[in-house]
Amino acid sequence: MTSRSFLDFTSAELSDIPQTPRVLPRLMQVPGIISDGSSDGDSDSSSSVCRERKIVVANMLPLHARRDSETAKWCFNQDEDSLLLHLKDGFSPDTEVIYVGSLKVEIEASEQEEVSQRLLDDFKCVPTFLPLDIQKKFYQGFCKQQLWPLFHYMLPMCPDHGDRFDRQLWQAYVAANKLFADKVMEVINPEDDFVWVHDYHLMVLPTFLRKRYHRVKLGFFLHSPFPSSEIYRTLPVRDEILKGLLNSDLIGFHTFDYARHFLSCCSRMLGLDYESKRGHIGLDYFGRTVYIKILPVGIHMGRLESVLNLPSTFEKVKEIQEQFQGKKLIIGVDDMDIFKGISLKLLAFEQLLQQNPGLQGKLVLVQIVNPARSSGKDVQEAKRETYSTARRINEVYGCHGYEPVIVIDRPVARFEKTAYYAMAECCIVNAVRDGMNLVPYKYVVCRQGSPSLDEALGSAKMESPRTSMLVVSEFIGCSPSLSGAIRVNPWDIESVAEALSTAITMPESEKQLRHEKHYRYVSSHDVAYWAGSFLQDLERACKDHYSKRCWGIGLGLGFRVISLSPSFRKLSIDRIVSAYKRTNRRAIFLDYDGTVVPQSSIIKAPSPDVIAVLDELSSDPKNTVFIVSGRGRTSLGEWLSPCDSLGIAAEHGFFLRWNKTSDWESLAADLDWKQIVEPIMKLYTEATDGSSIETKESALVWHHHEADPDFGSCQAKELLDHLENVLANEPAVVKRGHHIVEVKPQGVTKGLVADKILNMMVNKGKPPDFVMCIGDDRSDEDMFESILSIISGLSLPSAPEIFACTVGQKPSKAKYYLDDTVDVVRLLKGLATASTPKPRNTAEFQVAFDNIF
């Protein structure tokens, strides 16, 4: 069967996806004001006159739903344990929070409108009703069978080990994301509201929102791990998901490792580099800065402390105290899935008992198993292994009245978990991979206790110091923040057993110090702190939204927004030709690669069309035309030899030739530093596979575009530092460009070429009244900047027409842009057509050049 591209799907089938009814009224609005008159996707946006609003989007709404058996009506109540509810504590009191997500139950189509209105009125919730087929393929299919295993480093190496990529499931994932985005669009005031999207279920939703509202204020937080690039790159739709995330303004991760993996994927797969700006990591994505936030989520202190003070908690604590009197308790609380490492934990506990016979009868591991979030043979195998291992340990090391391992595999109330936390000497979280895991945080707070709990337990508890011990896997998100915990490799059974032994035998004074350190962190970095910090950074990331002009480009999930200066616009051929015709003393500067010759072209020689238009322009006596390039003079001189009157500045201006018959001029420069630089570059070339050295007459360039992106970038930074140190007293400068490190003489820039030629024209009594400069890379920015400063510093009879133009829509010091080299050549042809025909006698013109300098 012939496969289809995703673009085929997005253009045709997405339009056929059942749309949810638009029944939700927007809040009170007044007409919005469009800042620059351009159509940027916000044309129908409105400003709210209501209080500040945040729209929180997640797969599931923070609600419980049940149908009343008597009235057959749906009943809803808030899920008090939901993170989405807790994060409101980090917002200002007058903030209104709207939730968008789906329900855990299926609502009949005939009831959806009524339920939607009730949930909006009563809970500020906007439900997304997914068709049953899409829901199943989206959540149970793509999310749980493909994204979840992959993000936890599990690859489908064979049919029995995970499910292979299925494009139908991917299409359902995209369709579901679009339906969620549609719901957001029903209630958003795009100029005022902030949107916060949560987790891996909705990673392409930002693309749909950004396409509709180019300036939407959008944050995304990933609550799962983000895998290394070697794992992530196996995903067939890797680029679409990365681009979806990059349509956010701020992307949050629990740990630096997760953020580092994401940045590495952006570098390797999309060619994007990042930099740290005053402590904030930012990616430049087509003129927009996408910021990266690294902060683990916290717990809701008030919620946990309130459960600690429940009478039912007191009773359960007393029951546990009596049940395990004279024994030390180790607690584990995990979901039943293959990534939580429950069986590995049991094996380590078994080894602990085997190596320490004195602990037998005195140590109990209570393992609370939360219900599995998904079903499948992996979960069943994990469950079987857990029970068989626990049974074996109890048979070998247990006796009458003593079971070393107690597995509680049933729904456990909050107060019961809290009681076990409060009574356990040690807590172990042994997951082989987990996004965050808040169990250690909850354990620390419960061990801190409360005055009411102490009173219930008696005076002995009130006088004893607070202690807690944590054994945590180094592969979970909370591990870096718990510096007093014993970190373990869950796969190393012996080291985990040793860590448990250390934890239960550690002196009380050290346990107390570790506990105090953890409690200070957990209590100060709670969920309110996390949410407030994220929103603060999101506001900072969005503050420049309306100071720039925006364009949307790209099809399907390749859509992105280009954000540039308000004065930045496409250069109109009609306008520049009009100015060209009105002027008589014109200076024209053109870059070579990427400007008149495509950067991607294998053949670097100019086409006959380019030669013809350059010859025609340079032959006009009113024009001074120069090619200004970083290339060597030999190749440029050979390629451009048909153009008799064309000036060439080679190697960024180190060599200069005014026309074909004049000699090459060169700057007086000491090049002895090349003997120092070349051996160093050779060392880095030998150590970096895929790198090479380009030797120019005036410069040396180290290229690493064919090397491993991360290693090449790392080596380039090291080489830059190395060369700057050894050349500190030499007349040379070291610059890092796109996949290059270049060393060249001091004072050699394209900007100085423009300075020299413009001053020559003034000195000859022909001050320019028309200046055009076109280039595509960083070195051309020197020309753009120099031309503006030079012209403002010259005493000219009248201000010249200045056209500084970059190739491609990207941030630049130029005022104008052209899309590509085709546009450049088209513009040059327009100017050539308007040129004065070349005079037959060019002797006077030639003498003027020959006498220069």
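With 26 Å as the limit on Cα-Cα distance, the pairs of Lys362/Lys417; Lys178/Lys570; Lys277/Lys735; Lys696/Lys813; Lys243/Lys548 that go past it are Lys178/Lys570; Lys696/Lys813. Distance from the Cα centre of segment 565-634 to that of segment 747-770, in angstrom? Each part's Cα centre sits 17 Å from the other's. The separation of segment 250-273 from segment 777-792, counted between C-alpha centres, amounts to 33 Å. Relative contact order of segment 199-357: 17 percent, from C-alpha pairs under 8 Å at least 6 residues apart in sequence. The alpha-carbon atoms of segment 734-779 define a convex hull whose volume equals 62 cubic angstrom per residue. Compute the helix-to-body angle for 508-524: its Cα long axis versus the longest principal axis of the chain, expressed 0 to 90° and rounded to tens. Compared with the principal axis, the helix lies near 60 degrees. Take the Cβ atoms of Leu683 and Arg278, set R0 to 35 Å, and the FRET efficiency comes out at 0.55. Over the chain, DSSP H runs of length four or greater, each weighted -39,500 (n - 2.57), average out per residue to a 222 nm ellipticity of -12000 deg cm²/dmol. When the P(r) of segment 129-229 is calculated, the portion above 18 Å amounts to 52% of the C-alpha pairs. The relative contact order of the chain, computed from alpha carbon pairs under 8 Å that lie at least 6 residues apart in sequence, is 10 percent. Rg and Dmax over the alpha-carbon atoms of segment 507-594 stand at 28.1, 90 Å.
Calculated translational diffusion coefficient of segment 613-769 (37 °C, 0.692 mPa s; Stokes-Einstein with Kirkwood radius over alpha-carbon pairs) equals 191 µm²/s.
The longest part of the chain holding none of the exposed loop GluC sites (Glu not before Pro), meaning those outside H, G, I, E and B in DSSP with at most 15 other Cβ atoms within 10 Å, is 109-473. The angle separating the long axis of helix 778-793 from the principal Cα axis of greatest extent in the chain is about 60 degrees. What is the angle, in °, between the Cα long axis of helix 493-505 and the longest principal axis of the Cα atoms in the chain? Nearest 10 is fine, range 0 to 90. For 493-505 against the chain, the angle is about 60 degrees. Taken over the Cα atoms of segment 90-133, the convex hull encloses 79 Å³ per residue. Stretched out straight at 0.36 nm per residue, the stretch from Ser533 to Arg66 would grow longer than its current Cα-Cα span by 164.6 nm. Here is the list for segment 226-274: trypsin sites (Lys or Arg not before Pro) lying in DSSP coil, each with at most 15 other C-beta atoms within 10 angstrom of its C-beta, are Arg233.
When the alpha carbon coordinates of the chain are projected onto the principal axes, the ranges are 115, 66, 58 Å, largest first. Remark: spin-label model distance Met157-Leu794 equals 6.9 nm, labels positioned 7 Å along the Cα→Cβ axis.
Only the coordinates and a few stated rules stand behind these numbers; no lab work does. Source: prediction; values computed, not measured. Because the Cβ atoms are built from the backbone with ideal geometry, glycine has one as well, and the counts that use them run over all protein chains shown.
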